[in-house]
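Novice: Take this structure, written in structure tokens, and hold onto it; I'll ask about it next.
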Amino acid sequence: MAEVKVKPEIPDPMDIESRIIELCHQFPHGITDQVIQNDMPHMEAQQRAMAINRLLSMGQLDLLRSNAGLLYRIKESQNASKMKGSDNQEKLVYQIIEDAGNKGIWSRDIRYKSNLPLTEINKILKNLESKKLIKAVKSVAASKKKVYMLYNLQPDRSVTGGAWYSDQDFESEFVEVLNQQCFKFLQSKAEAARESKQNPMIQRNSSFASSHEVWKYICELGISKVELSMEDIETILNTLIYDGKVEMTIIAAKEGTVGSVDGQMKLYRAVSPLIQPTGLVRTPCGLCPVFDDCHEGGEISPSNCIYMTEWLEF
């Protein structure tokens, strides 16, 4: 039976422009085309260029030159016009929230930095929210607390938990499905390499796949309701490395090569051990990459280690 593939939708130009504006707010000193490409790897160069040119023509971006090349930066006049007619206290609170970026800031920290009474801060926050200048976002790190950030910013992964969280709940089943599908893709690459009957070195090299190839395969499957980035896929591939199912190598790549970052590209391939490990090495602790950080009562500890639990049940 032929495998059904979901063709990715063509993104709306307005969505691209909105995301570029968000990136400019996250990096107020300016962004390069490489930053945009890394954030939206599925976007074609022509689509990015059209969105940037439109924003420049509308006067929403400034074009600057630097040692890194061309920089796109949000126009300072836009930020200033938002607070027109506001008093000094409101401007101070807005500036504090703006400086916090997309990681946000708690009202307690706003109070500490502004030296304003809590009642006054709450009043200002409600006023700024009503004007849609800021928004409150629940953090996965502290479910009962909210952080404040500019209204048009996309919250940082450390706040929302990224693609692995939904309404502050960790999507363990979704992660497991991605884990299985990524491994399945790498296994199919390895099997195709073995069946090619070429010399061992060529077989080994052809069994590798870049994180961009894995990301593209997962996107075409259509199993994710949220948009996944290559960083998300690399996180899943790292778990497979820790499980001993996959190995990674880094190679040099030409600038502009799809999937490369800073002239380097990560390649992954499925592996199977020649012999089963023995003794302590078979316990999770024997292969754990964060062994030195593990201790009882800490964020990483034997009592909450899922690998230890699975090993004991086995």
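The values are calculated or read from the model by the stated rules, or taken from the named source; none is laboratory data. Nothing here was measured: the structure is a model prediction, and the numbers come from that model. Using ideal geometry, Cβ is built from the backbone for each residue, glycine included, and neighbour counts are taken over all protein chains shown. SASA here: full protein model, heavy atoms, side chains in, ligands and nucleic acids out. Shrake-Rupley method; radii C 1.70, N 1.55, O 1.52, S 1.80 Å.
Novice: If R0 is 25 Å, what FRET efficiency do you get for Lys91 and Tyr112 from their C-beta distance, rounded to 0.05?
Specialist: Using R0 = 25 Å, I get an efficiency of 0.90.
Novice: Taking 20 °C and 1.002 mPa s as the conditions, I'd like the Stokes-Einstein D for the range 80-161 in µm²/s, using the Kirkwood hydrodynamic radius from alpha carbon pairs.
Specialist: 169
Novice: Just how much of Asp109 is accessible, in Å², when a 1.4 Å probe is used and the result is rounded to the nearest 10?
Specialist: Asp109 has an accessible surface of roughly 50 Å² with all protein chains in place.
Novice: Measure up Lys216/Lys245; Lys135/Lys225; Lys126/Lys225 against 27 Å on the Cα-Cα distance and list the ones that go over.
Specialist: The answer is Lys126/Lys225.
Novice: Given Cα pairs under 8 Å that are at least 6 residues apart, what percent is the relative contact order of the chain?
Specialist: Dividing the mean separation by the residue count of the chain yields 12 percent.
Novice: Can you list the lysines whose alpha carbon is less than 22 Å from that of Lys197, not counting same-chain residues fewer than 8 positions off?
Specialist: Lys184, Lys189
Novice: Hey, what's the Cα Rg ratio for the chain versus the globular rule of thumb, 2.2 N^0.38 Å?
Specialist: In units of the globular-protein estimate, the chain measures up at 1.21.
Novice: A further question on this structure: Heavy-atom accessible area of Trp106 with all protein chains present, probe 1.4 Å, nearest 10 Å²?
Specialist: Trp106 has an accessible surface of roughly 70 Å² with all protein chains in place.
Novice: Next question, about the same structure. Rounded, prolate or oblate: which fits the range 105-146, taking a ≥ b ≥ c as square roots of the Cα gyration tensor eigenvalues, rounded meaning a/c under 1.5, else prolate when a/b beats b/c?
Specialist: Since a/c reaches 1.5 but b/c is at least a/b, the shape of the range 105-146 is classed as oblate.
Novice: Can you pull the accessible area of His212 for me, 1.4 Å probe, Å² to the nearest 10?
Specialist: Rounded to the nearest 10, the figure is 30 Å².
Novice: R0 = 30 Å: FRET efficiency of Asp12 with Lys138, Cβ-based, nearest 0.05?
Specialist: 0.65
Novice: How much area per residue is accessible in the range 172-270 when the probe is 1.4 Å and only protein heavy atoms are counted (Å²)?
Specialist: It amounts to 57 Å² per residue over the range 172-270.
Novice: Choose one answer from Glu234, Glu173, Glu299: the residue with the largest mean-square fluctuation in a GNM of the chain with alpha-carbon springs under 10 Å.
Specialist: Checking each option, the largest mean-square fluctuation is seen for Glu299.
Novice: Can I ask one more? Of Val35, Val226, Val147, which has the most accessible area and how do the rest follow, probe 1.4 Å?
Specialist: Correct descending sequence by accessible area is Val226, Val35, Val147.
Novice: Something else about it: Kindly sort Ile251, Ile124 by accessible area of their heavy atoms, largest first, with the probe set to 1.4 Å.
Specialist: Ile251, Ile124
Novice: Here's another thing I want to ask about it. Give me the percent of the accessible area of the range 13-75 that comes from carbon and sulfur atoms, probe 1.4 Å, all protein chains in place.
Specialist: Ligands and nucleic acids excluded, carbon and sulfur give 51 percent.
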